[in-house]
């Protein structure tokens, strides 16, 4: 039986699909009986989704760069 | 972007349409910067991205569409970074820098049976939108992201924000899969600890 500590240690591999079939089953079995670990994993997923949705800093001087690249392309065409 | 979008954008880029370049830069520069940042560090990342853009434009006609445009751009960026700064290439640093709110460390678990000693705190918010409405939490997350090592921060960004597969990250950054897994996991636990701290105390 997996401990909570081990479940946490393998949680990223679980989320990234890096565990073998057998390891996944062991992980799922633990989650089935452990509300704390289920909460941990649910909140890990929420944290991932939050990072995905965080606004990115806009590119500084995007117009100048676009202009330079378009000009460079025309020179090379 | 789908392959069809790539093809359409490519035609406009080849025609030298400035608006198409703006779209290209807006869509992909963050990912390119994360790749450069991981390989050469913050000090040289901007130069590398500039180099990469010029190289992209000069080689545009040779893009065959065998990979996605994104993969092609990131490969060019990684190559610019590696060729320009080969001599300074640092070792893969797995050592952890301290993070503002720590991590989910061994002290959270019983040394006797490995069960939670301090169970994960239940967050109030249950969607990303709800979490991100708190301006202070957003700042707090940015702060924690900046506390990560250059490599760890980049790996997290490439995976979570840019959606790259682990194998793509390995190939771009020339690091092993096991190192990517370790870097990613440690970074996630630190971010988790920051959100947990904020949800528990209401403060950064």
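What to note about this one:
- Simple spin-label estimate for residue B:67 and residue B:3 in nanometres, 7 Å along Cα-Cβ: 1.6
- Candidates A:65, A:41, A:19: whichever shows maximal mean-square fluctuation once chain A is modelled as a Gaussian network with Cα springs under 10 Å: A:65
- For the peptides A:52-63, B:34-45, B:174-185, residues were scored by their other Cβ atoms within 10 Å and the scores averaged per peptide; the highest-first order is B:34-45, B:174-185, A:52-63.
- Packing-based exposure ordering (other Cβ within 10 Å, fewest first) of B:84, A:75: A:75, B:84
- Between residue A:15 and residue A:62, the contour length at 0.36 nm per residue exceeds the Cα-Cα span by 13.4 nm.
- Here the label points at residue A:42 and residue B:200, each 7 Å from Cα along the C-beta direction, are separated by 1.9 nm in the simple model.
- In percent, rounded to a whole number, the relative contact order of chain B is 26, using alpha-carbon pairs under 8 Å and six or more apart.
- Alpha-carbon Rg/Rh ratio, for the protein assembly as shown, with Rh computed the Kirkwood way: 1.02
- Across the alpha-carbon atoms of chain B, the computed radius of gyration and Dmax are 19.7, 67 angstrom.
- Put a dot 7 Å past the Cα of residue B:14, heading toward its Cβ, do the same for residue B:147, and the two dots end up 5.0 nm apart.
- Acute angle (nearest 10 degrees) that the helix A:21-33 long axis makes with the longest principal axis of chain A, alpha-carbon atoms: 70
- GNM flexibility winner over chain B from B:78, B:130, B:31 (Cα, springs under 10 Å): B:130
- Averaging the Cα positions of each part gives two centres, and for segment B:142-161 and segment A:39-54 these lie 15 Å apart.
- Only DSSP H runs of four or more residues enter the estimate; each adds -39500 (n - 2.57), and after division by the residues of chain B the mean residue ellipticity at 222 nm equals -20000 deg cm²/dmol.
- Using alpha-carbon coordinates, inclination of helix A:62-76 to the longest axis of chain A, degrees: 60
- Axis of helix B:177-201 versus longest Cα principal axis of chain B: the two differ by about 50°, to the nearest ten degrees.
Bear in mind that the values in this text are calculations on the coordinates, not laboratory data. Please read all numbers here as calculations on a predicted model, not as lab measurements. Ideal geometry is used to build each Cβ from the backbone, glycine not excepted, and the neighbour counts take in all protein chains shown.
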